[in-house]
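Working notes, beginning with the structure itself.
The values are calculated or read from the model by the stated rules, or taken from the named source; none is laboratory data. This one's a predicted model, so the numbers in the text were calculated from it and none came from an experiment. Reconstructed Cβ throughout: ideal geometry from the backbone, glycine too, with neighbour counts over all protein chains shown. Please note that ligands, DNA and RNA were not included when accessible areas were found on the heavy atoms of the full protein model with its side chains. Shrake-Rupley method; radii C 1.70, N 1.55, O 1.52, S 1.80 Å.
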Amino acid sequence: MGDSPRRSAFPQPLHARKGTPSQFPGGLSAGDALLALITGNVASSGRVYQSLLDRLVHVAVSDGVARIYASFYDTQKCLTRGRGIATPPILSDAVAVFSVAVPVVLAAPLPGFGPMRMRFAIEKALAHHRAWLTVVHGLGQKASASAQKSTSVDKARTKRKVLKGLLSSATPATGPLRASLDGQVETGPRSAVEVVASIQTLQVASEALLHRGASDGDWSTVLGDMGISREVIDSLAGDADAVAHDSRAHRMSKGELKQAWDELNTLDGITWFHLEEVVRACDRARVLGRDVPRVALEAIEAVRQGRVKVTDESAPAPAPQPPR
């Protein structure tokens, strides 16, 4: 996510970190060391991708070539696959694998993966990193909208109860108005929609009461004596608008976040696809006699096998500003 203290632009591949617990700094277990490496790789992923693209700056990928490379994967399958795994292990393996593969490809194309395809894949990986920042930022916005909605609903519930009690105190013991108010006591609003609907019903009842006071001098005297006025009623009912506004903001944040999640999950699958292609290309090169380093998707496999537990909340906190 946001930049951490500077790390090497080209970290060691994850498969090179295997060993016994005593081999890791501080005596960490293999699982804890891998989790720490994943976290570190994720924190530096945006910077590493940009460094790798700088090494490929002389490689041009036309729109037509990009469309062909994009046709090699099915975006719907990538979305489905991406939904099945957290983002951090994919970002971590991408940092490790691409850091090893770029120098190899610049020396000579791998069978199935040349410099143009590598640039295309890393540009997608950079978009992947930014999509993840967008989701994390969106989660923060959703939490804020949810808290604001909860606050406004609680405030409106309290005032609604006061408004209902005030109207009840000035309502005859029998008649349709009393039945309406008593019915509200039985139902008891819970959700934001119910709170707003209840307040609106009480506003209708209050209009009937105020109209009675405006047309009947005795009633006007009674309402004045009880301190019931339009200003008081409006102050108690006014929070319904805030609840409706905050509820709309909350729904909007949820909708925007869902769209961002879908984009992120699709890019999860796309980056995963490219990483597997790089691994296969390296395997082919060795079969053909080239001295190519072995790369492996260790973080992804460790998470899938349950050897480490990584969630989308496992990463460092992002910078406070929205992502680009």
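Quick notes
- Qualifying residue in the stretch 191-199 (condition: open to solvent by 30 Å² or more (accessible area, probe 1.4 Å) and at pLDDT below 75): yes
- Subset of the stretch 212-252 [modelled with pLDDT under 85, of a type outside the set (D, E, K, R), closer than 24 Å to Pro172 by Cβ and open to solvent by 20 Å² or more (accessible area, probe 1.4 Å)]: Leu236
- Qualifying position, being part of a loop (DSSP other than H, G, I, E, B), out of contact with any Phe, Trp or Tyr (no Cβ under 6 Å at 6 or more places or on another chain) and at pLDDT 70 or above, among Asp312, Asp291, Asp268: Asp291
- Selection from the stretch 124-157 of residues that are among the polar types (S, T, N, Q) and modelled with pLDDT of 80 or more: Thr134
- Residues of the stretch 276-288 classified as in a helix (DSSP H, G or I) and open to solvent by 20 Å² or more (accessible area, probe 1.4 Å), total: 8
- Here Tyr49 fits the description: among the aromatic types (Phe, Trp, Tyr), under 18 Å from Ala125 (Cβ atoms), open to solvent by less than 10 Å² (accessible area, probe 1.4 Å) and touching a residue at least 40 places away in the same chain (Cβ under 8 Å).
- In a residue-by-residue description of the stretch 71-89, the property of being open to solvent by 40 Å² or more (accessible area, probe 1.4 Å), aromatic (Phe, Trp, Tyr) and modelled with pLDDT of 90 or more applies to at least one position.
- Gly175 vs. criteria on the phi > 0 side of the Ramachandran plot and modelled with pLDDT under 85: yes
- Exactly one residue out of Ala101, Ala60, Ala33, Ala66 is out of contact with any strand residue (DSSP E or B) (no Cβ under 8 Å at 6 or more places or on another chain), in contact (Cβ under 8 Å) with a residue 24 or more places away in the chain and open to solvent by less than 30 Å² (accessible area, probe 1.4 Å), and it is Ala66.
- When Gly188, Gly165 are checked against the criterion of being farther than 30 Å from Val61 by Cα, out of contact with any Ser or Thr (no Cβ under 8 Å at 6 or more places or on another chain), surrounded by fewer than 18 Cβ atoms within 10 Å (Cβ to Cβ) and modelled with pLDDT under 70, a single residue qualifies: Gly188.
- Selection status of Gly255, among the small types (Gly, Ala, Ser), under 30 Å from Thr134 (Cα atoms) and modelled with pLDDT of 95 or more: no
- The set of residues from the stretch 112-123 being open to solvent by 40 Å² or more (accessible area, probe 1.4 Å) and in a loop (DSSP other than H, G, I, E, B) comprises just one member, Gly112.
- Residue count for the stretch 157-174, restricted to those that are basic (Lys, Arg) and assigned to a loop (DSSP other than H, G, I, E, B): 0
- Qualifying residue in the stretch 112-123 (condition: among the small types (Gly, Ala, Ser), closer than 22 Å to Gly255 by Cβ and modelled with pLDDT of 75 or more): no
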